[in-house]
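Just so it is clear, none of the values below were taken in a lab; they were calculated from the coordinates. Only a predicted model underlies this, so the values are computations on that prediction, with no experimental measurement involved. Because the Cβ atoms are built from the backbone with ideal geometry, glycine has one as well, and the counts that use them run over all protein chains shown.
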Amino acid sequence: METSIDMRAWLNEAVGGRYGNFIDGEWQEPGAQTAAVHNPARKDEVLGHFTESSAEDVDRAVQAAASAFQSWREVPGPERGALLFRAADLLEQRAEELAFVLSAEQGKVLAESKGEVLRAAKELRFCAGEASRMDGVTLPSEKRSGFALTLREPLGVIAAIAPWNFPVVTPVRKIGPALAYGCTVVLKPANLTPWSAVKLVDVFRDAGLPNGVLNLVTGSGRGSGDALIRHPAVRGISFTGSTRTGAEVSAGVARRFVRTQLEMGGKNPAVVLSYKDAGAVAKQISAAAFACSGQRCTAISRVIVLESLAADLTEALCAELASIRLGPAWDPSATMGPLITNQHRVSVLRNIAAGVDEGGRLRFGGGVEEEEEFVQGHFLQPTLIDGVRPECRLAREEIFGPVLSVVAVPSAEAAFEAANAVEYGLAASVFTREVDEAFRFVRESQTGMVHVNHGTASEAHLPFGGVKGSGFGAYSIGHSNQEFFTELKAVYVQS
């Protein structure tokens, strides 16, 4: 990514601010309790201090959203869409600064950060069009002089709870459709990446969003997050995070019949049955496995390959890993950044050690870089382990880091069985030159998204979601969002 401003110079001027919540169209003064956010590539650098919101802060934000809902729901869809189109334009205009902020607090390299911002603008434009696509159906009535129809109405106040790995596109994925369909929002970003949320809220404010339609509260999940999901005025919760936390959210609101949209973990396989070029397949898998340092729910984390192809493909994967360049985002040659915290890095290292203890063979990486530039951050080498059995921990549990395991199997049937033998069901890839094998996998894969002969990248207009322990409720991104953010009403008319 080429930039007109040096990221390091920009950060030197921008870090150290104090930030409050955004409630009813106004930035609040920072609270008495704040938390410091650090740069994962330079752990001693404090990026800013952000309010640890209280239950009272959350209540004021939700009440502002509930009040604004009464007028926002009456704004015609095309007018709501026009505002979202303006916000998308601002995202693109501010892409460089947003990428700097995103990379600074999350750690991903600048090319990935800018790509995330531009993807957010693309998804927001789709949402803007959705404001004019709140559809219903007209049906024949049982009565000769009547007719019947259905229509959609906005759900109400939405609690948008976002993760730290995609702190721009994931909030947009919740805010965009909510606003398009006439809902109002209280956004609670991850406490590790609140700076991106602050900049994002400024985008919507500057696009002309009325007061109270979008509100921001920062802080911990156990603090502000719990207060938000328990608030009686919240009618829908769109959550992205771990499967365990998603289950807690669902259980906590089920008695109040609050609607949930849960995007959770994944243990995504790449099933390799045949190919023309092992290098091309390895390139697709590597890109899907190590983007965002492997810290994404759709990352490929296990390669299930026929035994006859395993050695050839493993060598090709090792070559791809060797081309990855670790470094901070301001290093233009870096292609993979640090992990989000040292605590998370320790967890990933423990999983690597457990994989080796269970019989896996470390083929590449697996350690911490010792050079001075890397000691300043939470860097971990991209890692490849082969000889992993389908029942092993590395093949079954989500690691959420730059670790790829290779599982060799004797047949396509064994590959399909291993692919499905996990609690997750988010995304899967199959690589084959046989059409019948490809479509058989599409049918039999227990996942919400299937990719044939490419990695696990999604598109900005297609539903995004999973099954089993990976998702619950309506899929996000595409038109399926209507099922979550609106309520269905049946209408009977007699002339």
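Would you mind checking which residues have amide H under 5 Å from residue 306's amide H? H placed 1.01 Å from N; only 5 or more apart, or other chain. Counting only residues 5 or more places away or on other chains, the set is 272, 409. Here's the picture: charge each Lys and Arg Cβ at +1 and each Asp and Glu Cβ at -1 in the chain, and of 297, 262, 409 the one pushed furthest to the positive end of that dipole is 262. From largest to smallest, the equivalent ellipsoid semi-axes obtained for the chain from the alpha-carbon gyration tensor read 38, 30, 19 Å. Can you list the GluC sites (Glu not before Pro) in the range 72-180 that are in a DSSP coil and have 13 or fewer other beta carbons within 10 angstrom? Counting only loop positions with at most 13 other Cβ atoms within 10 Å, the GluC sites (Glu not before Pro) in the range 72-180 are 74, 142. Relative to the longest principal axis of the Cα atoms of the chain, the long axis of helix 307-322 makes an angle of roughly 70 degrees.
Scaling the Cα radius of gyration of the range 283-417 by the globular reference 2.2 N^0.38 Å produces a ratio of 1.03.
Enumerate the residues in the range 48-68 having an amide nitrogen under 17 Å from the point lying 7 Å beyond the Cα of residue 14 toward its Cβ. Under cut-off, by backbone N: 48-50. Restricting attention to the chain, close to 40% of DSSP beta bridges with both partner residues there are antiparallel. Over the range 52-193, the hull volume per residue, using the convex hull of the C-alpha atoms, is 130 Å³.
Could you pull out which residues in the range 387-428 have an amide N less than 14 Å from a spot 7 Å beyond the Cα of residue 308, following the Cα-Cβ vector? Backbone N within reach: 409-413. Suppose R0 equals 60 Å; then what is the FRET efficiency for residue 70 and residue 413 from their Cβ-Cβ distance, rounded to the nearest 0.05? The formula returns an efficiency of 0.55 here.
Peptides 463-476, 60-73 ranked from most to least packed give 463-476, 60-73, packing being the mean of other C-beta atoms within 10 angstrom over each peptide's residues. Dipole check for the range 205-301: with +1 at the C-beta of Lys and Arg, -1 at the C-beta of Asp and Glu, and the Cα centre as origin, the magnitude is about 260 Debye. Within the shell of other residues whose beta carbon sits under 11 angstrom from the beta carbon of residue 223, the net charge comes to -1, with Lys and Arg scored +1 and Asp and Glu -1.
Relative contact order of the range 214-277, please, whole-number percent, based on alpha carbon pairs below 8 angstrom and at least 6 residues apart. Write out the running numbers ahead of the final one.
On the way: 44 pairs, mean separation 19.5, N = 64.
So the answer I get is 30 percent.
The angle separating the long axis of helix 342-357 from the principal Cα axis of greatest extent in the chain is about 40 degrees. Do the alpha carbons of any pairs in 43/108; 108/468; 188/267; 114/199; 267/468; 188/468 sit beyond 20 Å of each other, and which pairs? With Cα atoms farther than 20 Å apart: 108/468; 188/267; 188/468.
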